[in-house]
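Notes to accompany the following structure.
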Amino acid sequence: MEGTKIIERYNGHVGVNGGWLANALGQANYNSSLTRGHIRSLRRGGNGRTALIDWQSMGTKLKARVIEALGCDPAQMSRESLLRSILLRREQQLLDTQAYEYYSQVTGKDGRMLKPEKVTELWNGAKILDAIGELLEEKRRAAEMGRLKMSVKREFEALANEIDQQLVEWPNSLPTSGDRLRKKFNDYQLHGYEVLVHGLTGKESNHKARSVDVNAVVEALIASGAKLNDAQVAKAAETLGVKIDRRRVQEIRTKNATMLTASREGKRTYANTITMQVDRERPDMPMKMWSLDGWTAELYYQDRDARGVNYWHRLVVEIVVDVMNDYPIGYAIGEQETAELITAALQNAVHHTREVLGGHYAPWQIQSDHYSLKAMTPKYGALAKYVTPASVGNAKAKPIERYFAYLESEYLWALTNNGGHNITAKTQANDEWLNAHKYQFPDREGLEQQIGKIIEIERSRKIAAVREAWQQGDARFHRELNMCEYLLAFGETGKGNMLTPNGLKLIRDGVEYKFDSFDIEMREHRGERWTLRYDLGDMNQALAVSEDGRLRYMVEAKKKVPMALVDYEEQDWKALTEYRQFNAQLTERVTEHVCEVQDRAREFVTRAQLESPMSALLLTDSKGQHKDNKRKAQKSLVEEVAYEEVGESHAKAREMADIWDRL
């Protein structure tokens, strides 16, 4: 058993799992201790519950054995991990990628970006500090209301211990001492994300126990997940010594429906039928919000295998819609929903956005479900500023769900291979009718063409409204796509190769592509081995990444110019001019660097000759003098410098010409 499952807090007491304790002590010793009152039961086992033994009822020796077996004090383990629950809730409700974007752009003095593991570590640190702020605010409010006594010093000591030993899902580099963690938190509140870069439980409410009366017993039975009917509730209450009429049970159930629905019907039903729904308004222009999900199209296709023909296959369509008018901006078709299928749909959305809007633009927000959320979050973050997973089971929160129902009612009803709305619903097609027409079902290729045609019709109906809203909308919301982040997350990877005068080469499906960069700094890293990340939908550019992943440059497809001058067109002259200007700038930079190096070297050598202790020990001449010789050397240097100042421009030009000849 894991430690977090062995210890549980129950009615204000720390409880140890009875099954685990019986294994640790031996069943006979466990039963004997329980019978003699050496240990006290907090909760009996059965009906899916585990037995719990009161930690405080154990003797000193038994406590020592439990602590030795667990490796820590159960009183500490039982402490409700409010910090963990806040972290999980924040991740489910809103995955704001601002911290990730900030740390992924941080570079060192040499221009190299942080390693991906370090970016994740800093991102996790920011998440934890934000969660600590929320936790402390909750406890502060509880303290003001008199429900909790709060010691900030002890609170940070407990938090530091929890972060160090329990939050293994969020690796981080936060301090492990309470005082240092408190200081780091205060600095973070003042200065934000940069603080982490520079650094490269509650008292339970004492409610009086309510006396058990008839209504309480009946309400508890009604709230059971077994969903007992009124007659069964009355019968069960009678076995507990409570006599009640079935009609009275109905009155209690009706009166307390709001309070009992969550436990009786489940959280999803409660959220969809009881809680207040937010009335939301669609965006007024495209690219403000995308919504995506997988849709099992209720369309059958036939497929032949070794056992014969199967007519009841279906496909999954991952669709990305722009919420402004449910425009299907991207889609992909597969046998089941996978991270790869979601990735393909998002890539299709990026390509189609360029076709519709005439440029590389990115959405502000992506709403997704929770499928493969951990794997897909970096890819969502590479496209959108905000990533908001919809609440689990709350179909009303996802515009894409309503769009699926619209497709079924608008298009699928007219197709012979339509299985009906929801394969398990009453509105599905008649089985006998389907069997009579199954020979007309298309094969897989035919079904993919059907789905593609539906998407094509949808786009043709709505594309004009999308373009008009984009042109008339506020240009501040025209958010350009960060191609570097996009290719890093979505791009296919080519073989690593070195940068040559002909650029970087890539061979795909027998076709050779060449890429190069007009960034002079990339030429200074010629010793690096580069890997190209590219998008087959747009081979005009790619991302070159060094082997350690810390150097990244956008590269362009090399422009070819004709050999014969008579074949030149305007764009060819422009491309040739770009090449020549770049080479001229590169040559100038190389020349200036060599001149600077030689000037420094000459200055160093001259200074070393004059300031060396050996210069004071020059051999005397025939007249026995050595100071005069030293002064002559100094005078000669001064005259040489004066000469260089007078003829500086001529000498400099001649020197640069000599250097260029040597190069």
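The values are calculated or read from the model by the stated rules, or taken from the named source; none is laboratory data. None of these values were measured; they are calculated from a predicted model. With ideal geometry, Cβ positions are generated from the backbone for all residues, glycine too; neighbour counts draw on all protein chains shown. Side chains included, ligands, DNA and RNA excluded: accessible areas come from the protein's heavy atoms. Shrake-Rupley method; radii C 1.70, N 1.55, O 1.52, S 1.80 Å.
Odds and ends about this structure:
- A prolate overall shape is assigned to region 339-384, the ratio a/c of its alpha-carbon gyration tensor axes (a ≥ b ≥ c) being 1.5 or greater and a/b exceeding b/c.
- Estimated FRET transfer efficiency (residue 520, residue 571; beta-carbon r; R0 35 Å; 0.05): 0.90
- Region 23-55: trypsin sites (Lys or Arg not before Pro) falling in loop per DSSP and having at most 13 other Cβ within 10 Å: 36, 44
- Among the trypsin sites (Lys or Arg not before Pro) in region 536-569, those placed in a DSSP loop whose Cβ has at most 10 other Cβ atoms within 10 Å are 560.
- Neighbour cut-off at most 11 other Cβ (10 Å), DSSP loop, GluC sites (Glu not before Pro), region 458-542: none
- Neighbourhood charge, 13 Å Cβ-Cβ cut-off, centred on residue 553 and excluding it, Lys, Arg +1 and Asp, Glu -1: 0
- Each residue of region 573-590 is assigned a 3J(HN,Hα), and the resulting list reads 4, 5, 5, 4, 4, 4, 4, 5, 5, 5, 5, 5, 5, 5, 4, 4, 5, 4 Hz, derived from the Karplus form 6.51 cos²θ - 1.76 cosθ + 1.60 (θ = phi - 60°), x at Gly and Pro.
- Solvent accessible area, Å² - residue 270, 1.4 Å probe, full protein context: 80
- Backbone HN-Hα couplings from phi across region 360-367 [Karplus 6.51/-1.76/1.60, Hz, Gly and Pro as x]: 8, 10, 10, x, 7, 9, 10, 9
- Other-chain or far-sequence residues with amide H under 5 Å of residue 43's (modelled H): 52
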